[in-house]
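Working notes, beginning with the structure itself.
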Amino acid sequence: MSVSSGGPAAAPAMRNGLAPAWGDLPGHRVEFGRDRPFRLDSGVELGPFTVAYQTYGRLNADKSNAILVCHALTGDQYVAETHPVTGKPGWWEMLVGPGQVVDTERWFVICANVLGGCLGTSGPRDIDPATGQPWGLSFPVITIADMVRSQKLLIEHLGIEKLFCVIGGSMGGMQVLQWATSYPDRVFSAVPIATAARHSAQNIAFHEVGRQAIMADPDWCGGDYLQQGRRPGAGLAVARMAAHITYLSEAALHRKFGRALQDRTGLSYGFDADFQVESYLRHQGSTFVERFDANSYLYITRAMDYFDIAAEHGGVLANAFRGSPTRFCLFSFTSDWLFPTSESRAVVHALNAAAANVSFVEIDSDKGHDAFLLDEPEFHATLRGFLAGCADHWSRGR
């Protein structure tokens with residue numbers, strides 16, 4: 001199979017003045033679960049369902065050059081091309097593309113929208129075939145492991161027996177760890193970035209604030225807002241604002257904004273956005289509403305909350321990596337307080353205890369959790385070196 005990515009596309013049509021009709025989005029889609037329902041961790045059987053994905057580069061003849069990129073909570077499959085809704089560059093174009101760290105002139109890169117998402121892969125905004133109406137909260141709760149199993153179906157559909165690398169940051173890093181522990185023989189190398197083996201109580205708490213903001217919006221309508229032609233934009237915007245604060249560091253916020261005023265020379269003595277940081281957060285919230293579904297936000301944050309690799313292996317994290325043939329490289333960032341370095345070190349210690357092949361780098365950065373998405377030369381250079389080293393071993397072993 002030889003597949004190349006498409007170019008930029010026009011923004012999709014709006015539906016009833018609400019959100020883009022995601023079915024109009026460009027890209028690849030494949031259906032699973034029609035003949036054999038897909039069993040979720042919750043015990044519910046789902047099928048049929050769709051996985052939407054993008055590819056970059058070309059799959060070589062023996063299908064040995066495939067890299068799976070896993071996206072974070074608010075990411076999507078448009079990793080290295082203009083986003084069809086926002087018109088902005090792909091979220092990792094700095095890292096993925098011709099001549100980049102993940103060089104699409106050498107590697108065939110795959111990125112799929114996660115199960116429960118809202119950019120083409122089946123989720124709560126899609127139609128329940130049993131009712132002909134959007135699923136809403138009738139959509140079954142999903143887990144990180146469910147997301148990875150659906151990705152495995154996609155990889156098999158593409159005829160790929162083994163991935164050269166699985167890479168991702170934040171929730172994407174959770175998927176990487178799930179891939180490496182569930183299917184170690186199918187993953188030659190794994191790069192979990194700014195992530196953890198389980199979600200902390202603090203992170204669960206932040207997610208709950210976001211979910212409650214959405215559910216408190218009167219336009220949420222108990223999750224049935226699409227059927228009623230409404231949209232919980234205010235609640236979803238507040239959820240995004242709260243989450244976005246956790247992606248930055250205090251130093252980054254101070255450097256960007258400090259206490260600078262927004263388009264004024266003095267205080268308003270009111271509740272408009274006096275400060276630039278307020279205006280910035282409001283902008284982040286309002287633009288997020290245009291590209292994301294509120295119910296999907298509930299489902300995906302819950303999947304992250306449930307994530308706990310050790311719990312799947314008798315409560316001992318090292319057991320998850322026993323006998324693993326996968327080569328690991330973990331990254332953390334010094335100012336990341338959402339997924340601090342201690343979380344990555346816990347995974348590294350477990351890998352060491354299991355005698356796995358592991359490298360670990362803590363990158364000195366004041367950019368917070370979002371550093372993995374930004375220009376961090378040391379991170380990029382180290383990752384480039386790791387992939388090059390793995391490629392040498394990969395080619396010798398085939």
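If R0 is taken as 41 Å, the Cβ-Cβ distance between residue 35 and residue 311 corresponds to a FRET efficiency of 0.80. Dimensions of the chain from C-alpha coordinates, computed as largest minus smallest value along each principal axis and given longest first, are 67, 51, 44 Å. Under the classification rounded if a/c is under 1.5, otherwise prolate if a/b is larger than b/c and oblate if not, where does segment 105-204 fall, given a ≥ b ≥ c as square roots of the Cα gyration tensor eigenvalues? Verdict is oblate for segment 105-204.
A simple rule links phi to the HN-Hα coupling: the Karplus curve 6.51 cos²θ - 1.76 cosθ + 1.60 with θ = phi - 60°, which for segment 265-271 gives 9, x, 5, 8, 6, x, 10 Hz, with x for Gly and Pro.
Rounded to the nearest 5, what % of DSSP beta bridges with both residues in the chain are antiparallel? Antiparallel bridges: around 40 percent, rounded to the nearest 5. Distance between the modelled labels on residue 130 and residue 61, one decimal in nanometres: 5.0 nm (7 Å Cα→Cβ projection).
Here segment 334-398 and segment 103-142 have alpha carbon centers that stand 28 Å from each other.
Shown is the FRET efficiency for residue 208 and residue 395, computed with R0 = 56 Å from the Cβ-Cβ distance and rounded to the nearest 0.05: 0.75. Result for the chain in a Gaussian network model with C-alpha springs under 10 Å: among 30, 176, 69, the largest mean-square fluctuation is at 30.
Given the options 253, 68, 154, state which has the largest fluctuation in a GNM of the chain using a 10 Å cut-off (strictly under) for Cα springs. Result for the chain, Cα springs under 10 Å: 253 fluctuates most.
Extension gain, residue 137-residue 228: 0.36 nm per intervening residue step, less the Cα-Cα distance, totals 31.3 nm.
Spacing of the modelled spin labels on residue 345 and residue 375, each 7 Å from Cα toward Cβ, amounts to 3.1 nm. Per-residue ellipticity at 222 nm from helix content only, as computed over the chain with -39500 (n - 2.57) for each DSSP H run of at least four residues, stands at -10000 deg cm²/dmol.
Each reported figure results from applying straightforward, stated rules to the coordinates on display, with no laboratory input. Computed from a predicted model, the values in this text were never measured in an experiment. Backbone-built Cβ (ideal geometry, glycine too); neighbour counts: all protein chains shown.
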